[in-house]
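Below is one structure, written out as structure tokens; the observations come after it.
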Amino acid sequence: MSNTCEPLLAALKECLLQSDCVVKQGHLPSECLRDHTSELPESCQAIRKATFECKRGLLDMRKRFRGNNAGAVAQQLKESPVSSKTEE
């Protein structure tokens with residue numbers, strides 16, 4: 001089974017590691033996803049939602065014929081990656 005969600009997961013990981021929740025407050029990325037989702041930047045929240053939709057699409061039998069549309073989102077992420085540094 002191909003993993004079309006892998007680029008989304010990598011982008012989410014990168015976004016979480018650069019968020020204030022991890023950098024300034026010292027939380028683990030898993031804690032930020034579980035307990036502090038409202039404190040995450042909008043870009044991280046959007047990637048989180050796209051990752052959820054991608055994983056759900058892998059299990060949806062209707063999308064087996066149509067294809068998982070997360071590949072288009074992943075392609076956009078490859079073309080315009082998440083900004084690596086924020087201004088301090």
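For the condition free of Cβ contacts under 8 Å to residues at least 24 places away in the same chain and surrounded by 17 or more Cβ atoms within 10 Å (Cβ to Cβ), what is the one hit in CYS44, CYS15, CYS5, CYS21?
CYS21
Kindly evaluate ASN68 against the criterion of being part of a loop (DSSP other than H, G, I, E, B), surrounded by 13 or more Cβ atoms within 10 Å (Cβ to Cβ) and either modelled with pLDDT under 90 or at negative phi (or both).
Spelling it out, ASN68 is indeed part of a loop (DSSP other than H, G, I, E, B), surrounded by 13 or more Cβ atoms within 10 Å (Cβ to Cβ) and either modelled with pLDDT under 90 or at negative phi (or both).
Out of curiosity, is GLU53 of a type in the set (D, E, K, R), modelled with pLDDT under 90 and not in a helix (DSSP H, G or I)?
It is false that GLU53 is of a type in the set (D, E, K, R), modelled with pLDDT under 90 and not in a helix (DSSP H, G or I).
The values are calculated or read from the model by the stated rules, or taken from the named source; none is laboratory data. This structure is a prediction, so every number in the text was calculated from the model and none was measured. Because the Cβ atoms are built from the backbone with ideal geometry, glycine has one as well, and the counts that use them run over all protein chains shown.
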